[in-house]
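One structure is given below, encoded as structure tokens.
The values are calculated or read from the model by the stated rules, or taken from the named source; none is laboratory data. This structure is a prediction, so every number in the text was calculated from the model and none was measured. All Cβ positions, even for glycine, are placed from backbone atoms using ideal geometry, and neighbour counts span all protein chains on display.
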Amino acid sequence: MSNTFGKLLAVTTFGESHGPAIGCVIDGCPPGLEIHEDEFAHDLARRATGRSRHVSARKEEDRVEILSGVHEGRTTGTPIALLVRNTDAKSKDYADIARTFRPGHADWTYHQKYGFRDPRGGGRSSARETTMRVAAAVIAKKWLRERMGITVRGCMTQMGTLVARRFDWSVVEENPFFWPDPDMIGELETYLDAIRSERDSVGGRVEVFAEGVPAGLGEPLYGKLDGDLAAALMGINAVKGVEIGDGFAAVAQRGTEHRDELTPQGFLSNHAGGILGGISTGQVIRASIALKPTSSLPQPGRSIDVDGNPVEVTTKGRHDPCVAIRATPIAEAMVALVLMDHVLRHRAQCGDVGAVSPQFPA
């Protein structure tokens, strides 16, 4: 039922937004990685609602319970089961929409596919599910960092019409927007306050960078690294576009500009985003996602009910005026999980292939 992704590192998630708990099973993690429950807190807090006035006010504890696959603080090589209990669900906020379809949501398509749906917070389609992707990626990030020297980090570079004018990694974790331009934080707050006062929402752009990735990950055809990354990133709630490297900007470029020329010292550019022919080049991998404006709005919109009658829908409850604000750790998670899966796949097939000359600096 497509609740699992990955091959050698396979992640299965379960649970609904307003059910008793959400969870995941991580199968294929190598044994011996040291991991403890308190290591999940940092990234889950980065993703969480209620962390600032600019996101949904829902406040979940998001405490991870390790149910299996870890003994005496180390992974055993068996399936790792993680559980997070829901503690602040307010299902009554959704009672009025049980028989109607919210515009821009998955309500109508879920009803068409399954014949009925869980209307509480979107059920399975809620972004609440991404909590478990972030939790699973805590393990993937640590394994990639300790075993391979790979780091994955992201930031938001556009909110609505505002685009970051400069880039400083040192400030990304110091503001509620994961924004790399410290001079724009006040501008972002004023802009988002105005959007919220208009009872509206905006979209955003999030970029993820993976550094230290070796050359050779990915397959030439049906297991392309960029193809798997694109699928994983597109699978995040509200994502409507994915770019690798320059992405759609390549349309306006000349071939002489876009091609990443080689010298004995390495590549002269990285328009391809660290991937050529579906295989990593050893350069920094750069992926971007475009997230649509939040569809849950406290102002009426036209729709229909389950009987096909026209209705007016006003969404109540706690919602983000810009879902991209909390998307950075989710995007990082999907990139990390795909990379770890591909490292394991590469090791299985090509682990005895020695370093191929020349090797370039990233």
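So the values come out like this:
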{"read-out": "Ala272 within 17 Å of Val208 (Cα to Cα) and either touching a Lys or Arg at 6+ places or on another chain (Cβ under 7 Å) or outside any loop (DSSP other than H, G, I, E, B) (or both)", "value": "no"}
{"read-out": "Residue count for region 1-10, restricted to those that are of a type in the set (Val, Ile, Thr) and crowded, with 19+ Cβ neighbours inside 10 Å", "value": "0"}
{"read-out": "Test set (1) at pLDDT 95 or above; (2) of a type in the set (A, V, I, L, M); (3) surrounded by 14 or more Cβ atoms within 10 Å (Cβ to Cβ) - Ile304 fails condition number", "value": "(1)"}
{"read-out": "Tally, over region 240-279, of residues that are touching a residue at least 40 places away in the same chain (Cβ under 8 Å) and in contact with a strand residue (DSSP E or B) (Cβ under 9 Å, 6 or more places away or on another chain)", "value": "10"}
{"read-out": "From Thr157, Thr87, Thr161, Thr131, residue being surrounded by fewer than 18 Cβ atoms within 10 Å (Cβ to Cβ) and modelled with pLDDT of 90 or more", "value": "Thr161"}
{"read-out": "Residues that are over 11 Å from the mean Cα position of the chain (by Cα) and not aliphatic (A, V, I, L, M), drawn from region 131-152", "value": "Lys141, Lys142, Trp143, Arg145, Glu146, Arg147, Gly149, Thr151"}
{"read-out": "Count of residues meeting criterion [within 17 Å of Glu189 (Cβ to Cβ) and without any contact (Cβ under 8 Å) to a residue 12 or more places away in the chain] in region 145-160", "value": "0"}
{"read-out": "Every pair of residues 6+ apart whose Cβ atoms lie under 9 Å, when the first sits in region 52-65 and is farther than 15 Å from Asp88 by Cα and modelled with pLDDT under 65 while the second is of a type in the set (A, V, I, L, M, F, W, C) and in a loop (DSSP other than H, G, I, E, B)", "value": "Ser52/Phe177; His54/Phe177; His54/Cys322"}
{"read-out": "Subset of region 11-51 that is on the phi > 0 side of the Ramachandran plot and surrounded by fewer than 20 Cβ atoms within 10 Å (Cβ to Cβ) - its residue that is modelled with the lowest pLDDT", "value": "Gly50"}
{"read-out": "Considering residues of region 210-230 that are surrounded by fewer than 19 Cβ atoms within 10 Å (Cβ to Cβ) and in contact (Cβ under 8 Å) with a residue 60 or more places away in the chain only, the residue nearest to the chain's Cα centre (by Cα)", "value": "Glu211"}
{"read-out": "Qualifying residue in region 97-118 (condition: of a type in the set (A, V, I, L, M), over 27 Å from Ser288 (Cα atoms), modelled with pLDDT under 95 and not in a strand (DSSP E or B))", "value": "yes"}
{"read-out": "Neighbours by Cβ (under 6 Å, 6+ apart or cross-chain): first from region 76-94, more than 19 Å from Arg117 (Cα to Cα); second surrounded by fewer than 18 Cβ atoms within 10 Å (Cβ to Cβ) and at pLDDT below 90", "value": "Thr87/Glu61; Asp88/Lys59"}
{"read-out": "Scope region 283-318; condition among the polar types (S, T, N, Q), more than 29 Å from the chain's Cα centre (by Cα) and in a strand (DSSP E or B); matching residues", "value": "Ser303"}
{"read-out": "Leading residue by the ranking (nearest to the chain's Cα centre (by Cα)) among those in region 160-184 that are more than 19 Å from Ile289 (Cβ to Cβ) and among the aliphatic types (A, V, I, L, M)", "value": "Val171"}
